[in-house]
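A quick write-up on the structure given underneath.
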Protein chains: 2
Amino acid sequence: MNHQRPQKKTTIYDLAELAGTSASAVSAVLNGNWKKRRISSQLADKITKIAEEQGYAVNMQASLLRRDKSRIIGMLVPKYDNRYFGSIVETFEIMARERGLFPIITCTLRNPELEVEAARTMLSYQVEWLISTGATDPDRITDLCLAGGARSLNLDLPGSKATSIISDNFGGARELTRRTLLNLQRKKGALLPLLFIGGRGADHNTAERIRGFRTAHQDLGVTIEEHHILACGYAPEKAADALNALVTSEGSVPAGLFVNSTISLEGVMRWLKSSPMGIDSQPVIGCFDWDPFVALMGHEIEMARQDVAGMLNAVFDIVESGDSGDRKLIEIQPIFA
Amino acid sequence: MNHQRPQKKTTIYDLAELAGTSASAVSAVLNGNWKKRRISSQLADKITKIAEEQGYAVNMQASLLRRDKSRIIGMLVPKYDNRYFGSIVETFEIMARERGLFPIITCTLRNPELEVEAARTMLSYQVEWLISTGATDPDRITDLCLAGGARSLNLDLPGSKATSIISDNFGGARELTRRTLLNLQRKKGALLPLLFIGGRGADHNTAERIRGFRTAHQDLGVTIEEHHILACGYAPEKAADALNALVTSEGSVPAGLFVNSTISLEGVMRWLKSSPMGIDSQPVIGCFDWDPFVALMGHEIEMARQDVAGMLNAVFDIVESGDSGDRKLIEIQPIFA
DNA sequence: CTGCACTGCTCAATCGATGAAGCAAGAATT
DNA sequence: AATTCTTGCTTCATCGATTGAGCAGTGCAG
């Protein structure tokens, strides 16, 4: 048996006693403003040394209670299961730390109730800012923040009550569609309309991407089949089901696909793999989102990679300027390989 | 201009004034032990209603300062850029919340200094437990926790000073190797030794997987080529470089590969795609880790999927039993499709 | 009519860190 | 010698929530 009982925590009072001084001197030394408070450098050195020996760490709860700013920044994110959100979270943490902020992240599993509960918890922890990423009801969260003394921003999906930073979904989809149409022309020798699959018709991003999809077809003079716009949801199975239904009613699938996320693409690829169609009749694909393995799959798949660093730079510009002034919609161009 | 100045935060004193009662009654009501404190249900209802109207949220900093347990559980994770860690983080959050714990997660980018700094910060936030996932120096973190009044566990990579929960790397690699050898035999009609690629030879997991790799070859009476064990690091480029070097010195690559992570696999696949070898001479692959798109790639790739839920159940069993007693090594069997 | 139990609350100390205000002793100025 | 200034600290109130102790008022037994 090896009892690893963690020790009782050291406080500034313990350090003060060890150093034969007062807690307030210790506090002044440890947060670096001992010059302002006219503490001698001998005492400062002594206290610093003792603090190190004792492995002292401030009690943030006590410290933050006293201060007026928490320097905590929260983020709500739907899932960690794809490269887009993974990259958002990782970049967010790095950028927050670079600015001396402490990031807290929570995933809400696309569950509206969890979103609200998580937001409340974040407010309890005194976040100064709350970034709602891909939230189902961002305005609800903005209201909570407003009542709870925090500022809020929306990322990825826009809301109407706070500034929103999103991809240029229209422009990105238009370009992705254009590229995919040309890839298809190269392969088949003709301009043929694409199938749009994945996403929720009700959400802003999907609506804008469908608009870009339409515009790109128009640009090239291609007529869209209206029943080939399938905003069937994001889950992989939904995409597979939608393709099955299409084959049942029409006997085949278009030669080119616009897939609305890597999550949907997972369903599409699974379906294609098990489909009765021959390998050489595999469709040309464009995907709105990026994944490294997709880039390596047999198919040449065109991908629109959302500019995560660009979006988060915009977020932190606002956070640092402290300007939650008027609610803007900031659109960031996606990147093409 | 739309000044979204967040309001000053409501405290229990504000609520007490509004309800014409004392802060202590408000506190008792809001944390649900008003029965114990003999508050009438009329007053309880009144306070609850007012709190809701005001959008009150406790100040956790103040609350935690007073309580003895923080119910905060921290996790250090190297990256968010693959399905394994993504799944660990997501499952960790869910399980923590189910148990009334507040999870804080930080990624350390495989940077030893960041690991230590992040651990210190977590201690400042009064975590009760700190889970080090894939840490480069888990024992250092355990020491910090011990000094700082927290308990610690290691996940994914073991340490010597705290209980560690890891995959059964030996058993998993042995089974994965066996399956890959048989796949290769099915394809080529003969038992041929595999190439091991990826990971760091110095880390426990890679060493154990190499041991499993050897044992599986022995089991089937296949002789390993010693210079075909390439623990070249995890980054994709490292794997590609190692393969290039091999081709330069030997002119070709073995017909079967054991790839030590999806990250390394990314490099391997990239290299294969651009390699001069014909498509039908693509090697048979086994990968220690899982990714949904890999499962869909043209190749039949055998994958050992680490049992994230199983590992985290073991973590929370220990957390809940409060038993950091003796340091054990708990190994969880990976899952084969 | 006194004593005791019970109900329904309030008071005040406390958690640890912070910083404005103040104090004592020596140095410098008049 | 009397005064101001400067240095180097300490004291104490404060942040918001929690909780043991205590206090009025009512009900009921003896």
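When B:SER63, B:SER70 are checked against the criterion of being assigned to a loop (DSSP other than H, G, I, E, B), within 16 Å of DNA strand D (Cβ to nearest atom) and of a type in the set (Gly, Ala, Ser), a single residue qualifies: B:SER70. Restricting B:GLU53, B:GLU90 to those that are within 14 Å of chain A (Cβ to nearest Cβ), over 36 Å from the mean Cα position of the chain (by Cα) and charged (D, E, K, R) reduces the list to B:GLU53. Where residues in segment A:60-70 are open to solvent by less than 50 Å² (accessible area, probe 1.4 Å) and of a type outside the set (Ser, Thr, Tyr), which of them is nearest to B:ALA119 (Cα to Cα)? Among them, the one singled out is A:MET60. In the set B:ALA96, B:ALA162, B:ALA190, only one residue is within 9 Å of chain A (Cβ to nearest Cβ) and either out of contact with any Ser or Thr (no Cβ under 8 Å at 6 or more places or on another chain) or under 27 Å from B:ASN260 (Cβ atoms) (or both); that residue is B:ALA162. So in segment A:100-152, with the set limited to residues that are more than 7 Å from every other protein chain (Cβ to nearest Cβ), assigned to a helix (DSSP H, G or I) and of a type in the set (D, E, K, R), which one is nearest to A:GLN61 (Cα to Cα)? It comes out as A:GLU117. Residues that are more than 17 Å from A:THR206 (Cβ to Cβ) and of a type in the set (Asp, Glu) were ranked within segment A:267-307; the one that is nearest to the other protein chains (Cβ to nearest Cβ) is A:ASP291.
Residue check: is B:ASP143 crowded, with 19+ Cβ neighbours inside 10 Å and acidic (Asp, Glu)? So B:ASP143 does not fit the description; no. List the helices (runs of 4 or more DSSP H) inside segment A:237-337, counting only whole elements, that have at least 1 residues being touching a residue at least 60 places away in the same chain (Cβ under 8 Å) and farther than 16 Å from A:ASN82 by Cβ. Per the criteria, A:308-321. Among the residues of segment B:7-49, how many are assigned to a loop (DSSP other than H, G, I, E, B), within 9 Å of DNA strand D (Cβ to nearest atom) and within 22 Å of A:ALA150 (Cα to Cα)? Of the residues in that region, 4 qualify. Taking the conditions exactly as written (more than 10 Å from chain A (Cβ to nearest Cβ), closer than 29 Å to B:ILE12 by Cβ and more than 11 Å from the chain's Cα centre (by Cα)), does B:ARG67 satisfy them or not? In short, no. The condition of being modelled with pLDDT under 95 and either within 23 Å of B:ILE141 (Cα to Cα) or not assigned by TED's automatic domain parsing to the domain that holds A:ARG110 (or both) holds for A:GLN7.
Inside segment A:153-187, residues that are open to solvent by less than 30 Å² (accessible area, probe 1.4 Å) and part of a helix (DSSP H, G or I) make up a count of 9.
The one condition from (1) more than 30 Å from B:GLY148 (Cα to Cα); (2) charged (D, E, K, R); (3) open to solvent by 50 Å² or more (accessible area, probe 1.4 Å) that B:ASP81 does not meet is (3). Within segment A:121-140, can you find the residues that are open to solvent by 30 Å² or more (accessible area, probe 1.4 Å) and within 22 Å of A:ARG327 (Cα to Cα)? Within segment A:121-140, A:GLU128, A:THR136, A:ASP137, A:ASP139, A:ARG140 qualify.
Considering segment A:316-333, the residues that are within 17 Å of A:LEU157 (Cα to Cα) and open to solvent by 70 Å² or more (accessible area, probe 1.4 Å) include one that is farthest from the other protein chains (Cβ to nearest Cβ), namely A:GLN333. Within segment B:199-236, being of a type in the set (D, E, K, R), in contact with a helix residue (DSSP H, G or I) (Cβ under 6 Å, 6 or more places away or on another chain) and open to solvent by 30 Å² or more (accessible area, probe 1.4 Å) holds for B:ARG200, B:GLU208, B:ARG211. Scanning segment A:265-289 for residues that are modelled with pLDDT of 95 or more and farther than 22 Å from A:LEU192 by Cα gives a single hit, A:ASP289.
In the set (1) within 16 Å of DNA strand C (Cβ to nearest atom); (2) assigned to a helix (DSSP H, G or I); (3) among the β-branched types (Val, Ile, Thr), A:VAL58 fails one condition alone, (2).
Looking only at segment A:50-60, which residues are under 14 Å from A:LYS9 (Cα atoms) and within 14 Å of DNA strand D (Cβ to nearest atom)? Within segment A:50-60, A:VAL58, A:ASN59, A:MET60 meet the criteria.
Per-residue answers, yes or no, for (1) more than 41 Å from the chain's Cα centre (by Cα); (2) exposed (fewer than 11 other Cβ atoms within 10 Å of the Cβ); (3) over 18 Å from A:LEU123 (Cα atoms):
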position	(1), (2), (3)
B:LYS9	no, no, no
B:LEU18	yes, no, yes
B:SER22	yes, no, yes
B:SER27	no, no, no
B:LEU30	no, no, no
B:TRP34	no, no, yes
B:ARG38	yes, yes, yes
B:ASP45	yes, no, yes
B:LYS49	yes, no, yes
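Checked against (1) within 27 Å of A:TRP271 (Cα to Cα); (2) in the same structural domain as B:SER132 (by TED's automatic domain parsing), B:ILE332 passes all but a single condition, namely (1). Condition check: modelled with pLDDT under 95, among the aliphatic types (A, V, I, L, M) and either in the same structural domain as B:HIS299 (by TED's automatic domain parsing) or assigned to a helix (DSSP H, G or I) (or both). Does B:ALA190 satisfy that? Here the answer is yes, as B:ALA190 does meet what is asked.
Taking the residues in segment A:287-315 that are within 19 Å of A:PRO158 (Cα to Cα) and acidic (Asp, Glu) as candidates, determine which candidate is most open to solvent (accessible area, probe 1.4 Å). Only one residue fits best here, namely A:ASP307.
The values are calculated or read from the model by the stated rules, or taken from the named source; none is laboratory data. Everything numeric in this text was worked out from a predicted model, so none of it was measured. Quick reminder, even Gly has a Cβ in these numbers, built from the backbone with ideal geometry, and neighbours come from all protein chains shown. For accessibility, only protein heavy atoms count, side chains too; no ligands or nucleic acids. Shrake-Rupley method; radii C 1.70, N 1.55, O 1.52, S 1.80 Å.
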